[in-house]
Amino acid sequence: MRETILKGLENELSLTEATEITDNLSYILSVIRKHLEMDVAFISEFTDQIRKIEVVDSAERDISLKPGHADPTELTYCRKIVDGELDEIIADTSENPLTKSMPITQELDIGSYLGVPIVLNDGEVYGTFCCFSHTPDTTLSERDLALMKIFADIAARQIDKQLIKSQEENQIKRRVSKVLSNKHIKTVFQPIYHVDEKRVIGYECLSRFLNTPYRTPDIWFEEAQFAGLGEELEIMAITAALDKMNLFPADINFSLNISPEYVINGAVERALDQHIFNKKIILEVTEHAQITDYHAFRKAIQSLRKQGVRLAIDDVGAGYSSLHHILELGADIIKLDISLIRNIDTDTSRKALTAALLAYAKETSCEVLAEGVETEQEFQELVRLGIKKIQGYFISQPLELEEAVNFVCPI
């Protein structure tokens, strides 16, 4: 019976995984309170000799017991129940010698009470799961108490999830904060080769992180976003690249990967600042970057375009989003994704799609760049199709600063 109820309610809660765990706890309290026909149900937490109310469900609109309400634990039923000083069922508080003399009985107008400990996976008592009514209730039974304990178990599992999530969030925030405070980020540069000019005309600036253990850049940026530090990390990455650009010839262009939201809020433009006027800068929007407001993005990018900045759509061919970006943003450059380039010399479908994108680019006066080129056969086929700009390991892997400054393409 116990496991059946647990499974049934937890299955129902699993359908709402996207909601906050607090919402799940509120739902649990509401179910048990209504079933027991009591006035108030709440979950409390014990912290440093304080009993704090975390979640409340009540049949009344105006109630003094609200989330955040705190009392010294020794003045509450909760602590005394956990310590065994009070029974878990109190049918009539006026007949109990301890509860009838406690100020909180009158303050909250408690007539009857049920309370059980919330015990986490590690055995720690988190707090209590409680219900009370303003009137005595002599019908409260051991069966009601057993049901309360089942619901307290479910609440404990939800709270365990919440605590684990909170610990993970704190760990992530500490990791990213360490990178930010120590500036543990550097830029490597992957050459972009021009077929007709037979030289490197630019570099894509890619971030690498100096912390150990090694984590790929996408993980760092995802975690920073998750921890609310996404803008700080991205602007640091942009600034790290900008600081090295003056070491290259003046006619070299540089591609920077950006998040649309930081273009819209002006952070990218503030970071570029004076660098806009003396360098050829290209901003890349990836297939995976969501743009929720194309109008706002176009307006923000227009200001940068007037100052000579160009816009590239990255990962074209990898999915629907990149094609949508092309149609909505009027990009200056289309970067063909590695998934489209791979084995293009032998795959007629890839050839046909690339040819179609080239035709679109010609009609709309934008340039096409093929990235992820790894073999001479792929290179030659792309040249045959008419692509002039090539990036990938066939040209060079991403290079350290000194290697990039002195790089001479072997082709």
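Observations on the structure shown:
- Point-to-point label distance, residue 288-residue 135, nm (Cα→Cβ direction, 7 Å offset): 6.1 nm
- Across the stretch 140-152, rounded Karplus estimates of 3J(HN,Hα) from the backbone phi angles (6.51 cos²θ - 1.76 cosθ + 1.60, θ = phi - 60°) give 4, 9, 4, 5, 4, 5, 4, 5, 4, 5, 4, 5, 5 Hz, Gly and Pro being marked x.
- Among beta bridges from DSSP that stay inside the stretch 183-405, the antiparallel ones total about 40%.
- Fully extended contour minus Cα-Cα distance, from residue 120 to residue 216, at 0.36 nm per residue: 31.1 nm
- Debye log10 I(q)/I(0) at q = 0.19 Å⁻¹ for the stretch 2-165, Cα point scatterers: -1.28
- Taking the stretch 149-168 and a reference point 7 angstrom along Cα→Cβ of residue 70, no backbone N atom is nearer than 12 Å.
- For the stretch 278-324, the calculated P(r), taken from all Cα-Cα distances in 10 Å bins from zero up to the bin holding the longest distance, is 26, 49, 23, 1 percent.
- Using every pair of separate Cα atoms, the Kirkwood estimate puts the hydrodynamic radius of the stretch 177-334 at 16.3 angstrom.
- Percent of beta bridges antiparallel (DSSP, the chain, rounded to nearest 5): 65 percent
- Per-pair calculated FRET efficiency, R0 = 30 Å: residue 168 and residue 145 via Cβ, rounded to 0.05: 0.30
- Distance between the stretch 287-357 and the stretch 114-143 - C-alpha centres, whole angstrom: 58 Å
- Calculated from backbone phi, Karplus (6.51, -1.76, 1.60) coupling profile of the stretch 53-63 in Hz, x at Gly/Pro: 7, 9, 9, 10, 10, 9, 7, 9, 6, 9, 9
- Normalised by the number of residues in the chain, the average gap of Cα pairs under 8 Å and 6 or more apart makes the relative contact order 11 percent.
- Length, then width, then depth: along the principal axes, the Cα atoms of the stretch 139-226 run 90, 31, 17 Å.
- Residue 359-residue 60 pseudo-label distance in nm [points 7 Å out on the Cα-to-Cβ vector]: 7.5 nm
- All Cα-Cα distances of the chain, cut into 20 Å bins from zero to the largest, leave 22, 34, 23, 18, 2 percent in each bin in turn.
- Here the 3J(HN,Hα) profile of the stretch 198-204, calculated from phi with Karplus coefficients 6.51, -1.76 and 1.60 at θ = phi - 60°, is 6, 7, 7, 10, x, 9, 8 Hz, Gly and Pro shown as x.
- Semi-axis lengths (Å, descending) of the ellipsoid that matches the C-alpha gyration tensor of the stretch 82-195: 54, 16, 12
Only the coordinates and a few stated rules stand behind these numbers; no lab work does. Quantities reported herein were computed from a predicted structural model and do not represent experimental measurements. All Cβ positions, even for glycine, are placed from backbone atoms using ideal geometry, and neighbour counts span all protein chains on display.
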